[in-house]
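The values are calculated or read from the model by the stated rules, or taken from the named source; none is laboratory data. Here the structure is a predicted model, which is why all the values come from computation and not from measurement. Every residue, glycine as well, gets a Cβ built from its backbone with ideal geometry; the counts of neighbours run over all protein chains shown. We work out accessible area using only protein heavy atoms, side chains counted, and drop any ligands, DNA or RNA first. Shrake-Rupley method; radii C 1.70, N 1.55, O 1.52, S 1.80 Å.
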Amino acid sequence: MNENTNTIIMNCDEKGAISKAAVILRKGGLVAFPTETVYGLGADALNPEASNKIYAAKGRPSDNPLIVHIADTYAVYKLASHVPKKAVMLMEAFWPGPLTIILPKKDIVPSETTGGLDTVAIRMPSHPAALDMIRQSELYIAAPSANISGRPSPTTADHVISDMEGRVDMILDGGAVGIGIESTIVDMTGDVPVILRPGFITKAMLENIVGAVTVDKGLTDNIPNIKPKAPGMKYTHYAPKGKLTIVEISDDTGAFSYITRLSVAKKINDLISEKKQQGFKTAVIASSKNAHLYNCENILIAGEAENGETIAAKLYGVLRECDDIGADYIYSEAFNHGKLGDAIMNRLLKAAGQRVIKV
Ligand code: TXA
Ligand code: MG
């Protein structure tokens, strides 16, 4: 474990910060850095000892593979034994950006990095500091999200500092990230691409480039005995310490109507008053428009329901706030509308252990 490491914290724009990070990575050290999705915890992907340090720092199960981050397309051919045409089309359309592609791996990629799998996950992030760091290191950078395993992914440097200070060699502070939820993962090893994790790049956006795309059946946790194909998706994740429940309307047609919003709020207010009477601390996760409808000491605003991008950007921060407050019971509205609805609800449902009350 890297428990007693003296962590260097520098702003990305500070002179010499990126080159210092590159030197640490070349020596097999750990650097947390911003990407456009969430902060990553980087190490040399081809160095098994460096990869092992990532698992130790996060407390991550060793069968959960890491994404390898690259800064130029050519790197894909160094890491993957076969790059199908459809993969090239997706790379061209969405890289650099929040898309991870699974391909069969070459022998140079150690099994420590791929959690023992014979495939490798590859992504080219678009954050300029991430690209600069990868280029200066002249390495491929294995990087999971920079949180302690099981906690929400970090979307600010403060989140990273609270989880990783003392466990990693350096933290690059790039402020709040842009997107806020992790990249879309697509398995490109079969004829038809399969989404293993929904994200900012939606099924429709992928299909627009390569035609039919399917979604991994294991993603919907209500199908018993089918495991998700991305090993990380099977773990309880993103979860706040308190018990989170989603309250949603059963008839979705008038989701934004006043009546609908009122009936969700009434249910949540009833649940809160019950828990308060029992002496528990409560919190509500609400969209900005609905905040005034709640009777709760902790109303956490996740963004605007009609604009999924604002919810994605804030969701993990809000889940962390629930822990800071010490909330025992948390009730959240559903945010299942618009282009990012699937990706947001995938995270929120996991955080809630799939607990949903319909009104
Ligand atoms: O946006 C992101 O992807 C962020 C930033 C830092 O790039 N990274 C990230 O990494 O979310 P992580 O480790 O938190 O999630 C990676 C997911 C896990 O669910 C893992 O099981 C899956 O990708 N994965 C990695 N390699 C895989 C492979 N070869 N086959 C299937 N799933 C894989
Ligand atoms: Mg993660």
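Only one of these is under 10 Å from the mean Cα position of the chain (by Cα) and more than 10 Å from ligand 2 (Cβ to nearest atom): THR156, THR184. Name it. Outline the logic, then answer.
On the way: THR156 fails: under 10 Å from the mean Cα position of the chain (by Cα).
Within the list THR156, THR184, the selection yields THR184.
Against the conditions (1) open to solvent by 30 Å² or more (accessible area, probe 1.4 Å); (2) in contact (Cβ under 8 Å) with a residue 40 or more places away in the chain; (3) away from ligand 2 (no atom under 16 Å from the Cβ), where does MET170 fall short? Just the number, please.
For MET170, the exception is condition (1).
Tell me, which residue of segment 199-215 that is among the polar types (S, T, N, Q) and farther than 16 Å from THR37 by Cβ is most open to solvent (accessible area, probe 1.4 Å)?
Filtering segment 199-215 for residues among the polar types (S, T, N, Q) gives 202, 208, 214.
Then drop every residue that is not farther than 16 Å from THR37 by Cβ, which leaves 208, 214.
On the way: ASN208: 127, THR214: 66 Å².
Only one residue fits best here, namely ASN208.
When you scan segment 131-148, how many residues do you find that are within 16 Å of ligand 2 (Cβ to nearest atom) and within 27 Å of ALA75 (Cβ to Cβ)?
Of all residues in segment 131-148, those within 16 Å of ligand 2 (Cβ to nearest atom) come to 141-148.
Cutting the leftovers down to within 27 Å of ALA75 (Cβ to Cβ) gives us 141-147.
Looking only at that region, the number is 7.
Every residue in segment 37-79 that is among the acidic types (Asp, Glu) and assigned to a loop (DSSP other than H, G, I, E, B), please. Even if it seems obvious, please write down each step before you answer.
Step one: list which residues in segment 37-79 are among the acidic types (Asp, Glu), which gives 44, 49, 63, 72.
Result: ASP63, ASP72.
List the number of the failed condition for ASP118; all other conditions in (1) under 21 Å from the mean Cα position of the chain (by Cα); (2) within 10 Å of ligand 1 (Cβ to nearest atom); (3) open to solvent by 10 Å² or more (accessible area, probe 1.4 Å) hold.
(1)
If a residue has to be more than 19 Å from LYS217 (Cβ to Cβ), touching an Asp or Glu at 6+ places or on another chain (Cβ under 9 Å), open to solvent by less than 50 Å² (accessible area, probe 1.4 Å) and not aliphatic (A, V, I, L, M) to count, how many in segment 333-352 make the cut?
1
Only one residue in GLY150, GLY166 is away from ligand 1 (no atom under 14 Å from the Cβ) and small (Gly, Ala, Ser), so which one is that? If you could, list the steps in order and put the result at the bottom.
Working: GLY150 fails: away from ligand 1 (no atom under 14 Å from the Cβ).
One residue alone meets the criteria, GLY166.
When the residues of segment 39-57 are filtered to those that are within 16 Å of ligand 2 (Cβ to nearest atom) and open to solvent by 10 Å² or more (accessible area, probe 1.4 Å), which remaining residue is farthest from THR184 (Cα to Cα)?
Only one residue tops the list, namely ALA56.
Which of the residues belonging to segment 109-129 are within 16 Å of ligand 2 (Cβ to nearest atom) and small (Gly, Ala, Ser)?
Those that are within 16 Å of ligand 2 (Cβ to nearest atom) and small (Gly, Ala, Ser): GLY115, ALA121.
For segment 244-292, name all the residues that are polar (S, T, N, Q) and open to solvent by less than 70 Å² (accessible area, probe 1.4 Å). Steps first, please.
Within segment 244-292, the subset polar (S, T, N, Q) is 245, 250, 253, 257, 260, 263, 269, 273, 277-278, 282, 287-288, 290.
Selection gives THR245, SER257, THR260, SER263, ASN269, SER273, THR282, SER287, SER288, ASN290.
Scanning segment 50-80 for residues that are within 13 Å of ligand 1 (Cβ to nearest atom) and among the polar types (S, T, N, Q), which turns out farthest from LEU196 (Cα to Cα)?
Among those residues, the one meeting the criterion is SER51.
For segment 132-147, name all the residues that are open to solvent by 10 Å² or more (accessible area, probe 1.4 Å), within 14 Å of ligand 1 (Cβ to nearest atom) and farther than 18 Å from ALA239 by Cβ.
Once the filter is applied, which keeps residues that are open to solvent by 10 Å² or more (accessible area, probe 1.4 Å), within 14 Å of ligand 1 (Cβ to nearest atom) and farther than 18 Å from ALA239 by Cβ, segment 132-147 yields only TYR140.
Which of the strands (runs of 3 or more DSSP E) contained wholly in segment 87-179 include at least 1 residues that are of a type in the set (S, T, N, Q) and touching a His at 6+ places or on another chain (Cβ under 8 Å)? Quick ask: steps written out before the conclusion?
On the way: elements: 99-104, 119-123, 170-173.
The strands (runs of 3 or more DSSP E) meeting that bar number zero.
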